[in-house]
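S.K.: One structure, as structure tokens, below. Some questions next.
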């Protein structure tokens with residue numbers, strides 16, 4: 001993880017309130033910003049993209065929601081503030097280990113070298129397809 005993570009989680013993304021409040025929750029030892037920071041660390045462990053724009057991207061909505069759910073579960077289960085912080089760190093380590101194990105079990109991607117003639121033929125074919133599509137006056141999707 002390069003340096004400190006800046007708090008880029010938008011203000012509109014708030015941690016959930018606990019379903020089973022515990023006595024230590026009443027003292028507000030953990031501020032909302034501290035909990036949001038924990039959520040962001042979990043999200044960064046799941047998908048290490050450190051860009052504020054991802055929170056506006058609907059494709060990353062599931063990742064953000066998963067980070068919020070994980071943090072909420074940890075907050076509900078923790079017996080005190082120290083236990084909460086330890087469990088957040090353990091969960092982040094577990095996510096990273098799972099990702100490493102998953103990547104290690106993936107088969108290696110084979111790359112095939114193609115000749116310059118084959119590359120030219122593919123480019124020409126692609127250009128012809130684009131011309132045909134343009135001639136058909138297909139409405140643009142964008």
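None of the figures in this text is laboratory data; all of them are computed from the coordinates on show. Predicted model only: the values in this text are computed from it and were never measured. Cβ atoms come from the backbone with ideal geometry, glycine included; neighbour counts cover every protein chain shown.
S.K.: So how do 58, 69, 36, 119 line up by other beta-carbon neighbours within 10 Å, fewest first?
M.R.: Ascending Cβ contact count within 10 Å gives the list 58, 119, 69, 36.
S.K.: For the range 23-105, what percent of Cα pairs sit more than 20 Å apart?
M.R.: 37
S.K.: What nm value, rounded to one decimal, do you get for the distance between residue 27 and residue 90 when each label is placed 7 Å out toward the C-beta?
M.R.: With each label point 7 Å from Cα toward Cβ, the separation is 2.1 nm.
S.K.: If neighbour count is taken as other Cβ atoms inside 10 Å, put 43, 70, 114, 92 in order from fewest to most.
M.R.: Going from least to most buried by this count: 114, 92, 70, 43.
S.K.: Continuing with this model, one more query. Need one word for the range 38-77: rounded, prolate or oblate. Basis is the Cα gyration tensor (sqrt eigenvalues a ≥ b ≥ c); a/c below 1.5 gives rounded, then a/b vs b/c decides.
M.R.: Because a/c hits 1.5 or more and a/b exceeds b/c, the range 38-77 counts as prolate.
S.K.: Next question, about the same structure. Would you kindly state how much longer the chain becomes between residue 126 and residue 80 on full extension, computed as 0.36 nm times their sequence separation minus their alpha carbon distance, in nm to one decimal?
M.R.: Numbers: separation 46, 0.36 × 46 = 16.56 nm, distance 6.08 nm.
Going from the current span to full extension adds 10.5 nm.
S.K.: While we're looking at this one, here's another question. Based only on other Cβ atoms within 10 Å, what is the fewest-to-most ordering of 19, 77? Let's see the in-between values first.
M.R.: On the way: 19 9, 77 13.
With the fewest neighbours first, 19, 77 line up as 19, 77.
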